[in-house]
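Student: Below: one structure in structure tokens.
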Protein chains: 2
Amino acid sequence: MRHILLRIVFLFFITAPIIAQQHPITYNTSQDYELIRKSLPNNPLLKESFDNIKNSVDEWIGKDVDVPIPEGLEGGYNYERHKGNYRLMFNSSLLYQITGESKYAELTKTLFFKYAKLIPTLKNHPQSSGTVCPGRIFYQALNDANWLVFTGLAFDGIYSYLTPQERKIIADGAFKPEIEFFTNDLEPWFSWIHNHALWSTAAVGIVGIATDNKAYVDMALYGKHKDGKSGYLANIDGLLSPDGYYTEGPYYTRYAILPLYFFANALQHYNPALKVFNRRNNVLQKTLTNALQQTNLRGEFYSFNDAVKEKNVTCYEIVEALDIAWNVFGVDTSLLPIARMQKRVTLSSGGAGISDFLNKRKVSNDYYAYKPIEFKDGAKGDEGGISVLRSGKGDSLVSLIYKYSAHGLSHGHYDKLNINLYDGKNEILTDYGAARFVNIEQKLGGKYLPETESYSKQTISHNTVVVDEKSNFNGKEEVSQKHHSNLLLSNINNEFISKSGVEVVSAFDDNAYGGVRMQRTLYMLNLPTHNKPLIVDVFNTLSNNQHQYDLPFHYIGTLMKTNFKYYSQLNNQATFGNANGYQHLWKEAEANIIGHPITQFSFLNENTFYTISSLTDDSTSLFFTRIGANDPNLNLRREPALIIRKQGRNQSFVNVVELHGKYDANAEITLDAYSSVKNIELLQNDARYTVVNILYDNKPLIVIQRNSNFDNYAINTIEVKGKTYSFKGNYTVLFDGKILVE
Amino acid sequence: MRHILLRIVFLFFITAPIIAQQHPITYNTSQDYELIRKSLPNNPLLKESFDNIKNSVDEWIGKDVDVPIPEGLEGGYNYERHKGNYRLMFNSSLLYQITGESKYAELTKTLFFKYAKLIPTLKNHPQSSGTVCPGRIFYQALNDANWLVFTGLAFDGIYSYLTPQERKIIADGAFKPEIEFFTNDLEPWFSWIHNHALWSTAAVGIVGIATDNKAYVDMALYGKHKDGKSGYLANIDGLLSPDGYYTEGPYYTRYAILPLYFFANALQHYNPALKVFNRRNNVLQKTLTNALQQTNLRGEFYSFNDAVKEKNVTCYEIVEALDIAWNVFGVDTSLLPIARMQKRVTLSSGGAGISDFLNKRKVSNDYYAYKPIEFKDGAKGDEGGISVLRSGKGDSLVSLIYKYSAHGLSHGHYDKLNINLYDGKNEILTDYGAARFVNIEQKLGGKYLPETESYSKQTISHNTVVVDEKSNFNGKEEVSQKHHSNLLLSNINNEFISKSGVEVVSAFDDNAYGGVRMQRTLYMLNLPTHNKPLIVDVFNTLSNNQHQYDLPFHYIGTLMKTNFKYYSQLNNQATFGNANGYQHLWKEAEANIIGHPITQFSFLNENTFYTISSLTDDSTSLFFTRIGANDPNLNLRREPALIIRKQGRNQSFVNVVELHGKYDANAEITLDAYSSVKNIELLQNDARYTVVNILYDNKPLIVIQRNSNFDNYAINTIEVKGKTYSFKGNYTVLFDGKILVE
């Protein structure tokens, strides 16, 4: 309701007459360029960034830059040339504004004229069939939108260099056919609430501002029919949660943030009264913060959903967003560790500001200030979310990601209640991400490979329970998109990161599997006697019917030791199953663990040992699998997993994940290579309470949680095995008889 | 002959009476300690190294350090405690000498007394059965020798602190039983020519010098019977080639260099007339240089033979050797990039010198000065060798290792004519090294795993031809040890590294397979039009009988593209063979390539593409394999290979290995992702000449080599397909009609 009211106010503003447009205005204003010119001599990083851009443009000056007939996919010549061209046109326009040298404007203009000739002749791209939405310059319309965003900025940059006739030739030849294509032929696509629509609306809007075409701007802001049901603002309101979480996850936040920030930045100059950066309590600022918080110590975005693992905060999109944020929201020194990693700034006021700051202030070599953090999903913030439990500082940061969010649109995975674990710079319990080699033509033109659909989206490729070898929602996106998991309770404490105590997050899902409730509660414990956190993972499944429950741990590392005997496939191996991703796993080994109250599995990743201790029962069997079956083009990484299989109606997986010891092969030093867990007992597990007793370092570690009627002030008194435990609230953890302070 | 004469001269020297011994003398002299004390305040690196050692010792001061009953393997508590103790005793003795504080001498003395009690009670170690040679404190005698080396140095360091009675208690209790065990019980082992004997003789010798026991020193130098047939000097003469190559390869050079340098250093103080450092034209200096040259850009030793890949030049052994070399051989600035990587120095004159140098001089961030280099194997330098063809500088260094050496004692592999390729920091065509987790108790006590014998030593695990699925010499070490391959010709040119031209090495082997001659000629070509070298690999097999020839390329990377159709195993996979290492390979896919004149296979490693283009014939089949079958304890890394199989009597593998393009997933940049090889023709291949025509960038690249009667001055005129080629010497390479300048 509030949004609708706001929208009416904004409509009022933008219908007010706007004063005849100054250019440049979309990316930088004249004042920005003045500041850049003044800053360049004294700011090494700005100068270096400028020089790099200048060198990249200068090598094309005087050359006849090719504008080929559209054809081929990512990584191929034509695709890469067109991509190169829009960046070249944009960069050259920046150099024109900074240096005043006409050769830069001329380069951009010449390319525009070529495109103004080419574009009106284009039909759909020859490789566009089967894509989400066909493009003309590129095989998908999304990339045409990328082209328009950058060339819109470029046009604005050389506006003053062009005669009115030249402007008309370009606007009519290069822009109009594309914009009509978007808003007429592709109207449903243009009207989506989706990252594609952020790009398409930003494209139309930026071109509108650049070419003084208010009708374009209005369509961009409020949708084709200007009713506010679609368009850029509806996307801001519909795609982002109130605390800035973007439903597709961090990899696509990175992608969406560029049109979000580019168009907001242009609008800030064009119509500051719109206050896009302040919309929904600065939700754009929160989106950037959240993207940064959802990275590992290498700056790589967490790889859940359709992520490509190499993508990190030094990418162009985040450099732009960071520098715009610095300018718009003011000095924020917490961004400097990221800026330092980026080793470049944009040619903007924000870029000059950051460069100046890094130059004058000694910035420590700290990492970004990662903290325990939680995001709600959904436009209203009521569609589950993501928690990141964290402990330790600097190189010792441990991050446990717990996902109980909504599906995440077309790039979402069937991964309800999934976890991932990072220790320092290393991924320990992994999410496969997407099966995709972005921008590599040989690998299906850089598109998502079929194994994304058949393996990496499927539930079995994640670290969460699979019921009866089927994926959540039977792998049906339209169903999954309607549901989300729910948070039960959480205590994510920023103080925790360096103190002893308990972080806890509990969530449940009733929809992913009809008739099965799943509830997973994760504890990250900082014990006073240990310098690495201990993770306790209680995963209960509740059903009236008999099921098979599989819980995989996809680990990165080398098996060191098990406390059970396993039988590995020697001369032949077969798949672990037939469908829903199982067909992509080789069954490397299986174990018969009857008689073991707990199983233990240790592996080594670089310098640290990890042990997963698991409570077993007579229904339990264990498997070691490896990705790679049914992979005709050898696309998949050959990664291993331990899969715990249990049978039953109500079942319970209790796993303790230890990070322990130290290994240095070079110095031949090995410390604490063995687990400290001696036993796990499930003392009680019912609708009211779960009570787990872990024998850790030969001391009892008791975890008690309420399972219903949550109440932070409830007084609990519970008797288990002749002992009485009293605690306030929803859970307690006792180590060696003492309550762990939160 | 010369050596025998020298030995007589030395015997004369050492039988001359030696002046009453000064202590300390084994590791440092009093003058060295004076220099260290003077240097400490002004040398940050020396100070930091000192502080680290001091901190590691100080945490034990006042504690009752455990000397447990020997038991268990590497990585286990008892093993690690004894290892920790000898380092602690040594370090504490250094601190005593530097600081004069008696607590340090006292710590060492107290431990000595415990050992003097324990050692006389010891029988063979409980886990010693089945080892090469049983130990007492440790499971193998080799580690007892490690203990003696360090405690010998430690004893010398606190000599002046001990009363004569105390010295006797230690000498009789801690040293004598061990030395008698070595020289009596283990006499054959003590008399080996082997890295073990370097350790055992250095141990006896250093203890001899430390305890004023000349008889020990003489046994150490000249063998139990003092006849010079065994002992330290015989090992220097028998293990190292004239140019300092150590026959076990660089990983074990690293291990052997510590007793080599430690004892030589002690002897330099004790009896400088022996001139051990100058023996055989400074062969010890050459050994260090060669160990450093046989590393990749990460400083890791090349992994041929039984290497553990993590071991690199920052390890303790190389720090000691480097710092001793700096002191003995004088300032050598080429060592500074290594010293900088090590980030520490020893507490010695050499360490102080390097620290001073690094402090006062701005040392550039260059890598070690890697160059094209060649080592001869064998004590006389007549047992084949190793060539490292190199091109490019800094991060762009490309290194191709070609191995045509002798077997390499008990750690040698059956890898005649093997190659490995590194590009920049990355391993591209890989050698598995050893299947071993050094120092990890869970993995068979850190010992070599059975898969070293059954897989990684076998010929199929290397990048060289396997005949009829059998390993070289049928995998018989005693036979392999008798033979070596031979160099035919080589042109390894230091100028080449940055210029256009040709490096070439050709070698052959007649012994590895009865009745089959193998000749492999490798060309590294720097073409004027390309910034990465091109590798041409001509592997001829000659036999009177029909054979199956397999040539694997064990690559590290992800398959990108092939020009042939392959069929991957979908639901089941089986081993590639039954024995000789084949049983450890899964057959992932096979191809039928009939009709392809050449096959092409591209893969991606990090940021670079690699393509192997292969000449095929109708007998050729191709396989993609992956390591991991018959691996009951999941010990092996799951690495892939492309295996080219041909049938015939005389056969020829012509492969062109291209390094090309650039990939940046983060920036989404892809350049030159495709091969430039269009065709390969074998125009002639007989006893006289091989002529290969490669269509590269649509230009002919002609490689012509003589196959017999090598003569650098021969004038060759050869007509092929109506064209006449004339050249002087043994080979020529023409690109686009022009001879590539060497």
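The values are calculated or read from the model by the stated rules, or taken from the named source; none is laboratory data. Given the structure is predicted, the values throughout are model-derived calculations rather than measurements. Heads up, the Cβs are rebuilt from the backbone with ideal geometry, glycines too, and the neighbour counts pull from every protein chain shown.
Student: Against the definition (more than 22 Å from the chain's Cα centre (by Cα), surrounded by fewer than 22 Cβ atoms within 10 Å (Cβ to Cβ) and within 14 Å of another protein chain (Cβ to nearest Cβ)), how does B:L444 come out, yes or no?
Tutor: yes
Student: Same structure, new question: Restricting attention to segment B:622-650, and to residues there that are under 21 Å from A:P632 (Cα atoms) and small (G, A, S), which single residue is farthest from the other protein chains (Cβ to nearest Cβ)?
Tutor: Among those that are under 21 Å from A:P632 (Cα atoms) and small (G, A, S), it is B:A641.
Student: Go over the candidates B:S485, B:S471, B:S480 one by one and state the one that is within 26 Å of B:E451 (Cβ to Cβ), in contact with a His (Cβ under 7 Å, 6 or more places away or on another chain) and among the hydroxyl-bearing types (S, T, Y).
Tutor: Just one listed residue meets the conditions, B:S480.
Student: Anything in segment A:56-77 that is away from chain B (no Cβ under 13 Å) and not in a loop (DSSP other than H, G, I, E, B)? List them, or say none.
Tutor: A:V57, A:D58
Student: May I ask you to verify whether B:S543 is in contact (Cβ under 8 Å) with a residue 40 or more places away in the chain, among the small types (G, A, S), assigned by TED's automatic domain parsing to the domain that holds B:Y422 and surrounded by fewer than 19 Cβ atoms within 10 Å (Cβ to Cβ)?
Tutor: yes
Student: Looking only at strands (runs of 3 or more DSSP E) that lie completely in segment A:485-571, which have at least 1 residues being within 14 Å of chain B (Cβ to nearest Cβ) and under 23 Å from A:E590 (Cα atoms)?
Tutor: Ranges flagged: A:558-562, A:566-568.
Student: If I ask for residues that are aliphatic (A, V, I, L, M) and free of Cβ contacts under 8 Å to residues at least 40 places away in the same chain, which ones from segment A:174-221 would you list?
Tutor: Hits for segment A:174-221 are A:I179, A:A197, A:A215, A:M219.
Student: Here is a further query. What number goes with the only condition from (1) surrounded by fewer than 23 Cβ atoms within 10 Å (Cβ to Cβ); (2) more than 17 Å from B:P552 (Cα to Cα); (3) in contact with a strand residue (DSSP E or B) (Cβ under 9 Å, 6 or more places away or on another chain) that B:K587 does not pass?
Tutor: The failed condition is (2).
Student: Out of segment A:87-122, which residues are under 34 Å from the mean Cα position of the chain (by Cα) and surrounded by fewer than 20 Cβ atoms within 10 Å (Cβ to Cβ)?
Tutor: Answer for segment A:87-122, where residues must be under 34 Å from the mean Cα position of the chain (by Cα) and surrounded by fewer than 20 Cβ atoms within 10 Å (Cβ to Cβ): just A:R87.
Student: Okay, next question. So B:D51 clears everything in (1) assigned by TED's automatic domain parsing to the domain that holds B:L111; (2) loosely packed, with under 14 Cβ neighbours inside 10 Å; (3) not polar (S, T, N, Q) except one condition, right? Which one?
Tutor: Tallying (1) assigned by TED's automatic domain parsing to the domain that holds B:L111; (2) loosely packed, with under 14 Cβ neighbours inside 10 Å; (3) not polar (S, T, N, Q), B:D51 fails exactly one: (1).
Student: Looking only at segment B:45-89, which residues are modelled with pLDDT under 95 and in contact with a Ser or Thr (Cβ under 7 Å, 6 or more places away or on another chain)?
Tutor: B:G75, B:E80
Student: Taking interchain pairs and intrachain pairs at least six residues apart, which have beta carbon atoms under 6 angstrom, with the first residue in segment B:657-671 and within 7 Å of another protein chain (Cβ to nearest Cβ) and the second modelled with pLDDT under 90 and surrounded by 22 or more Cβ atoms within 10 Å (Cβ to Cβ)?
Tutor: Listed by first residue and then by second, the contacts come to B:T670/A:G75.
Student: Which of the residues belonging to segment A:592-610 are surrounded by 21 or more Cβ atoms within 10 Å (Cβ to Cβ) and within 12 Å of chain B (Cβ to nearest Cβ)?
Tutor: Result: A:F601, A:S602, A:F603, A:L604, A:F609.
Student: Can I ask one more? Name every residue in segment B:672-718 that is in contact with an Asp or Glu (Cβ under 6 Å, 6 or more places away or on another chain) and either acidic (D, E) or part of a strand (DSSP E or B) (or both), in order of residue number.
Tutor: Correct list: B:N693, B:K699.
Student: Of the numbered conditions (1) under 16 Å from A:T562 (Cβ atoms); (2) not assigned by TED's automatic domain parsing to the domain that holds A:Q442, A:R688 fails exactly one; give the number of that condition.
Tutor: (1)
Every residue, every condition in (1) over 27 Å from A:L604 (Cα atoms); (2) assigned to a loop (DSSP other than H, G, I, E, B); (3) of a type in the set (S, T, Y), yes or no:
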residue: B:N439; (1), (2), (3): no, yes, no
residue: B:G445; (1), (2), (3): no, no, no
residue: B:T452; (1), (2), (3): no, no, yes
residue: B:Y455; (1), (2), (3): no, no, yes
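Student: Residues that are under 24 Å from the mean Cα position of the chain (by Cα): find the helices (runs of 4 or more DSSP H) completely inside segment B:133-203 holding 2 or more of those.
Tutor: B:141-158, B:187-190
Student: Could you figure out which of (1) more than 14 Å from chain B (Cβ to nearest Cβ); (2) surrounded by 18 or more Cβ atoms within 10 Å (Cβ to Cβ); (3) of a type outside the set (A, V, I, L, M) isn't true of A:S675?
Tutor: A:S675 satisfies all of (1) more than 14 Å from chain B (Cβ to nearest Cβ); (2) surrounded by 18 or more Cβ atoms within 10 Å (Cβ to Cβ); (3) of a type outside the set (A, V, I, L, M) except (1).
Student: Taking the criterion of being touching a Leu at 6+ places or on another chain (Cβ under 8 Å), assigned by TED's automatic domain parsing to the domain that holds A:A154 and of a type outside the set (D, E), would at least one residue in segment A:76-87 satisfy it?
Tutor: Looking for residues that are touching a Leu at 6+ places or on another chain (Cβ under 8 Å), assigned by TED's automatic domain parsing to the domain that holds A:A154 and of a type outside the set (D, E), one finds at least one in segment A:76-87, hence yes.
Student: Can you work out which of the residues in segment A:301-333 that are of a type in the set (D, E, K, R) and buried (at least 24 other Cβ atoms within 10 Å of the Cβ) is nearest to the other protein chains (Cβ to nearest Cβ)?
Tutor: Selected residue: A:K311.
Student: If you take the residues of segment A:386-416 that are touching an Asp or Glu at 6+ places or on another chain (Cβ under 6 Å) and on the phi > 0 side of the Ramachandran plot, which of them is surrounded by the fewest Cβ atoms within 10 Å (Cβ to Cβ)?
Tutor: A:L409
Student: Given the options B:S619, B:S613, name the one that is buried (at least 23 other Cβ atoms within 10 Å of the Cβ) and either more than 14 Å from chain A (Cβ to nearest Cβ) or without any contact (Cβ under 8 Å) to a residue 24 or more places away in the chain (or both).
Tutor: B:S613
Student: OK, next. Consider only pairs whose beta carbons are under 7 Å apart and that are at least six residues apart or on different chains; among these, list those whose first residue lies in segment B:478-497 and is over 14 Å from B:K403 (Cα atoms) and whose second residue is part of a helix (DSSP H, G or I) and at pLDDT 95 or above.
Tutor: Final answer for the pair search is B:V479/B:F473; B:S480/B:N472; B:S480/B:F473.
Student: Among the residues of segment B:62-86 satisfying the criterion of being among the charged types (D, E, K, R) and surrounded by fewer than 19 Cβ atoms within 10 Å (Cβ to Cβ), which is nearest to B:K114 (Cα to Cα)?
Tutor: B:D66
Student: Is it true that B:N463 is touching a Ser or Thr at 6+ places or on another chain (Cβ under 9 Å), modelled with pLDDT of 95 or more and part of a loop (DSSP other than H, G, I, E, B)?
Tutor: yes
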